[in-house]
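Working notes, beginning with the structure itself.
The values are calculated or read from the model by the stated rules, or taken from the named source; none is laboratory data. Note that the coordinates shown come from a computational prediction; the quantities given were computed from them, not determined experimentally. Virtual Cβ from ideal backbone geometry, glycine too; neighbours counted across all protein chains shown. Ligands, DNA and RNA are excluded from the accessible area calculation, which covers all protein heavy atoms including side chains. Shrake-Rupley method; radii C 1.70, N 1.55, O 1.52, S 1.80 Å.
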Amino acid sequence: MPNMERAPKFAAIMQPTFLPWVGYFALMDNVDLFVLLDDVQFDKRSWQQRNRILTAQGPLWLTIPVLTKGRRDQTIRDVEILSDGKFPSGLLRTVELNYAKAPYFDRYFPAFEGILQAHAERLCALNTALIVWMAEAFGIKTPIVNASDTPVASAKAERLADLCRAHTVSHYISPPGSKAYLDESDAFDEAAIALSYFHYVHPEYEQGGKAFEPYMSALDLLFHKGPDSLAILRSGVRS
């Protein structure tokens, strides 16, 4: 009989951060399934609610105002955006002032603006909508799912392995920052799921005549390079 073994299925699991950097999307582009870990505890003033763009004066933080008082243990998906009268108009204005002259600003800004205006209540819903839109704009086809739709009772490395098992994943690819605690666990070995780490070197590209500044939001790449963004993004992947 012919070998009917199931084809390998690669997955990555990441928190739904705000306007992620290019390496986040490069990892997504290199797997068959991308899981948004939306039901873990929210970390105030983390990448979950802020990221950086490039200005004439250098990197600038963009931050989403959120409600945290008396909500110490809230999960990412439960975080509410603070209606302070300045969001999203102030953030949109900042992005417009700093990228209006970028070659592909007019192509992508209207959709970006629409998402921020349509998702002004929940942080996770906003981040997820932006991630999905940016992936589509880059041309990344990887399916994206929420961890909260596949609830598992375990925690830490065991939880990641259980999520992979629930989605019939055969190979988990992790960012290198998780290596220390994943290598201390037998969770993936016990689940018979291969584990490897994603190696990425930030590619350089033209940023409007400025000295190249890495680790900005991938929005920077999109506005500057448009349809060439995916090839640039992929150029940083190392085997």
List, please: which pairs have Cβ atoms under 8 Å, are six or more places apart or on different chains, and start with a residue in region 91-105 that is closer than 14 Å to GLN207 by Cα and end with one that is aliphatic (A, V, I, L, M)? ASN98/ILE53; ASN98/LEU54; ASN98/ALA56; ASN98/LEU60; TYR99/ILE53; TYR99/LEU219; TYR104/LEU222
Flagged in region 34-45 as within 13 Å of the chain's Cα centre (by Cα) and open to solvent by 10 Å² or more (accessible area, probe 1.4 Å), in numbering order, are LEU37
Looking only at region 229-239, which residues are open to solvent by 10 Å² or more (accessible area, probe 1.4 Å) and in contact (Cβ under 8 Å) with a residue 24 or more places away in the chain? LEU230, ILE232, ARG234, SER235, VAL237, ARG238, SER239
Take the residues in region 47-70 that are in contact (Cβ under 8 Å) with a residue 24 or more places away in the chain and not in a strand (DSSP E or B), then tell me which one is most open to solvent (accessible area, probe 1.4 Å). TRP47
Could you please find all residues in region 214-228 being buried (at least 23 other Cβ atoms within 10 Å of the Cβ) and under 16 Å from the mean Cα position of the chain (by Cα)? SER217, ALA218, LEU219, ASP220, LEU221, LEU222
Within region 50-84, how many residues are more than 24 Å from TYR99 (Cα to Cα) and of a type outside the set (D, E, K, R)? 11
List every residue pair whose Cβ atoms lie under 8 Å apart, where the two residues are 6 or more positions apart in sequence or sit on different chains, the first residue falls within region 1-25 and is modelled with pLDDT under 95, and the second residue, located anywhere, is open to solvent by 20 Å² or more (accessible area, probe 1.4 Å). ARG6/THR168; ARG6/SER170; PRO8/SER170; PRO8/HIS171
